[in-house]
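Structure first, then comments.
Read the figures in this text as sums done on the coordinates, not as results from a lab. It should be emphasised that the depicted structure is a prediction, and the values quoted were computed from it without experimental measurement. No Cβ is skipped: glycine too gets one built from the backbone with ideal geometry, and neighbour counts run over all protein chains shown.
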Amino acid sequence: MLASGCALTWNIPGFGEDEETTASITPVRTATFAIPLDDEDWRRANAALSLAVDPQGAGLPVNWDNPASKRQGRFEPTGALAVVGNTVCRPFRALVIQKPDLRNSAREVAHEGQACRVGPSEWAMRDVKPLGQNAHVREFDQALPKASPAMLQGLATPPVAPVAPRRE
């Protein structure tokens, strides 16, 4: 006598194996600053960003600093929370400062972007760009030109024509 049977395999969520993660895969950063940040800079910057844009926070600027890389910065929320593509987001302004050392000159760059919640106390930066499209990039070692009459032309009051003395 022969017995036959049928076997079915179902992949039930929660019972299957999780996707394997290895240390050889480098996470991709979706937002970059004009001043490059190392891993420790990113760790400190992300912690400051999370505090600054948290809806239960005070809405005040939060600073970060990495003495080892001589980089520091600040995040400041610039608007209210909004739902963008089914994700809670908040606009922010960031300032990244590179202090001078043997390899780098001093630089300060302001950025603006969106911080979107990706988990509890976790935010991802999106649409990050220099504030005013490089209008606020400042290199401290660059000398400013001397003021010229042409530079000041729009600032001065227009000349007044002299008034002839009245004859009586």
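In terms of other Cβ atoms within 10 Å, 127, 41, 101 run from fewest to most in the order 101, 127, 41. Annotation: peptides 110-121, 64-75, ranked by per-residue average of other Cβ atoms within 10 Å with the highest first, follow the order 64-75, 110-121.
If the segment from residue 65 to residue 34 were pulled out straight at 0.36 nm per residue, it would be longer than the present Cα-Cα gap by 9.5 nm. The phi-based Karplus calculation (6.51 cos²θ - 1.76 cosθ + 1.60; θ = phi - 60°) puts the 3J(HN,Hα) values of the range 94-102 at 10, 10, 10, 10, 9, 6, x, 8, 5 Hz, whole numbers, x for Gly and Pro.
Quick check on the exposure proxy: order 49, 60, 95, 102 from fewest to most C-beta atoms within 10 angstrom. Walk me through the numbers before you get to the answer.
Numbers: 49 26, 60 9, 95 18, 102 4.
Going from least to most buried by this count: 102, 60, 95, 49.
Derived from the Cα gyration tensor, the three semi-axes of the equivalent ellipsoid of the range 39-141 are 25, 15, 11 Å, largest first. Spin-label pair residue 88-residue 101: with each label point 7 Å from Cα along the Cα-Cβ axis, the two points sit 3.7 nm from one another.
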